[in-house]
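The values are calculated or read from the model by the stated rules, or taken from the named source; none is laboratory data. Model, not experiment: these values are computed from the prediction. Positions of Cβ are generated from backbone atoms using ideal geometry, with glycine treated the same way; all protein chains shown enter the neighbour counts.
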Amino acid sequence: MATRESNEQADGTGRRALLGAAVLGASGTVLGLGGTARAADARHGGGRGLKGLPVPTIIGHRGASGYRPEHTLGSYQLALDMGADVVEAGDLVPTRDGHLVCRHEPEIGGTTDVADHPEFAGRRTTKTLDGASVTGWFTEDFTLAELKRLRAVERIPANRPHNTLYNGRWEIPTFEEVLRWQDEQTRKRGKQVWIYPETKHPTYFRGLGLGLEERVAAILRKHGKHRRNSPVILQSFEPTGVQRLRGLVDNPLVVLLSGANSRPWDFVESGDPRTVADLVTPEGLKEIASYAQGIGPTLDLVIPRDAGGRLTRPTALVRDAHRAGLILHPYTLRNENPFLPADFRRGTDPDAYGDVFGAYRTYFATGIDGVFTDHPDTGLLAREDFVND
Ligand code: G3P
Ligand code: CA
């Protein structure tokens, strides 16, 4: 792993650790990559990242959602206890009275026990969300006090039957509770805890008079976590939402990228014809680098799959993003068979683990700077293998 050597430091235990070097990125944010785009390219395949974080960075996706119902303090805590470098706490959506809570989407029928609350039966409805018809219960129709009466449940019990043991144990956390938890855990551990919140459906919520970015910024400012060296990375699938955040706070920012043929919903609404395929061109990446520090592409944008679900050859995305001065945190690696490329499945059981270490090896070899994973413990072992290889 000669290309990674320049970023390795002894961690005092005899093991090697990968640490980002402190430099300022194009917009003044502390990045782990030395200086220029040329330097970035020279390290293609080598370690980059945000200052103070190991590379490749292991990001607990919705906490440790492979083991606990997602976006609960129980899931976040487990991710941290497992050693995740960063915890995705949380995906943020608003309540009717303007609070930010941690749910992956506004519809909460799949991740809470709301259906078991007869008093909320009348709130079930059908809405159009980013062009799709969705039926269920929506956070924007509940006050925070009402949402606090609900409890989280496992989203995918067919794949994660063991996680249903924890159904009903945890409430929906607010963003402010997460920030307080981050501080408590940082104090307890004597080590900075990092979080990676995502603004969900910003255009949709702005249309309802519930703009997300101002709320996120106000809360971060209140807690003194709005600075370029704050341990809070912000992400969104909508580039204009990320640009809005750029004007409000100085945190590291990441633009999420869905499938190549998809269009960010803010582009659809504004008539911008570009697709994700346009955003991942060198020109598109250069534009992103003018306001963000990184991208969060699907793993398929890094290594596409063929019609049979098997991995093909890596694209130029890692090289091109690094040349633009951007870090890459693709999503999402999960241990279970159905979520892995066909090459790494073992049998067909939907809740059985495949050869996820093989998958990590393949993705890490592309030079990505980190990865979102539902199973942070597995990701950490895979990184250890990779670093020591
Ligand atoms: O935030 C990275 C990744 O979480 C994006 O996908 O749909 O899980 O929020 P999603
Ligand atoms: Ca997310």
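When the criteria are applied in full, Ala217 meets the requirement of being more than 16 Å from ligand 1 (Cβ to nearest atom), under 21 Å from the mean Cα position of the chain (by Cα) and free of Cβ contacts under 8 Å to residues at least 40 places away in the same chain. The C-beta contact set for segment 259-277 (first residue in contact (Cβ under 8 Å) with a residue 60 or more places away in the chain and surrounded by 14 or more Cβ atoms within 10 Å (Cβ to Cβ), second residue part of a helix (DSSP H, G or I) and not charged (D, E, K, R), distance under 8 angstrom, 6+ apart or interchain) comprises Trp265/Thr203; Trp265/Tyr204; Asp266/Pro202; Asp266/Thr203; Asp266/Pro239; Asp266/Thr240; Asp266/Gly241; Glu269/Thr203.
Note down all Cβ pairs under 6 Å where the first residue falls in segment 328-355 and is over 19 Å from Thr298 (Cα atoms) and at pLDDT below 95, the second is away from ligand 2 (no atom under 16 Å from the Cβ) and in a loop (DSSP other than H, G, I, E, B), and they're at least six residues apart or on different chains. What qualifies is Pro350/Ala158; Pro350/Asn159; Asp351/Asn159.
Per-residue answers, yes or no, for (1) more than 20 Å from the chain's Cα centre (by Cα); (2) part of a loop (DSSP other than H, G, I, E, B); (3) within 14 Å of ligand 1 (Cβ to nearest atom); (4) not hydrophobic (A, V, I, L, M, F, W, C):
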position: Ala307; (1), (2), (3), (4): yes, yes, no, no
position: Pro314; (1), (2), (3), (4): yes, yes, no, yes
position: Ala359; (1), (2), (3), (4): no, no, no, no
position: Phe372; (1), (2), (3), (4): no, no, yes, no
position: Thr378; (1), (2), (3), (4): no, no, no, yes
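Can you pull out the residues in segment 278-300 that are in a helix (DSSP H, G or I) and either farther than 18 Å from Ala342 by Cβ or among the β-branched types (Val, Ile, Thr) (or both)? If the condition is that a residue be in a helix (DSSP H, G or I) and either farther than 18 Å from Ala342 by Cβ or among the β-branched types (Val, Ile, Thr) (or both), then Asp278, Leu279, Pro282, Glu283, Gly284, Leu285, Lys286, Glu287, Ile288, Ala289 are the ones that fit. Gln185 satisfies every condition listed in (1) touching a residue at least 60 places away in the same chain (Cβ under 8 Å); (2) over 30 Å from Asn337 (Cβ atoms); (3) within 16 Å of ligand 2 (Cβ to nearest atom) except (3).
Within segment 95-128, the residues that satisfy the criterion of being within 16 Å of ligand 2 (Cβ to nearest atom) and touching a helix residue (DSSP H, G or I) at 6+ places or on another chain (Cβ under 9 Å) are Leu100, Val101, Cys102, Arg103, Glu105, Pro106, Glu107, Ile108.
For Val86, indicate whether it is farther than 19 Å from Ile156 by Cα and within 14 Å of ligand 1 (Cβ to nearest atom).
On the way: farther than 19 Å from Ile156 by Cα: yes; within 14 Å of ligand 1 (Cβ to nearest atom): yes.
Considered against the rule, which asks whether it is farther than 19 Å from Ile156 by Cα and within 14 Å of ligand 1 (Cβ to nearest atom), Val86 comes out as yes.
Within segment 321-355, the set of residues being closer than 19 Å to Arg62 by Cα and aliphatic (A, V, I, L, M) comprises Leu328, Leu333, Leu340.
For the residues Glu105, Glu154, Glu146, the requirement of being away from ligand 1 (no atom under 16 Å from the Cβ) and either in contact with a Leu (Cβ under 8 Å, 6 or more places away or on another chain) or modelled with pLDDT of 95 or more (or both) singles out Glu146. Restricting the first member to segment 290-308 and to residues that are farther than 16 Å from Phe237 by Cα and without any contact (Cβ under 8 Å) to a residue 60 or more places away in the chain, and the second to residues that are of a type in the set (A, V, I, L, M, F, W, C) and more than 16 Å from ligand 2 (Cβ to nearest atom), the beta-carbon pairs closer than 7 Å and six or more apart or on different chains are Arg305/Leu311; Gly308/Ala342.
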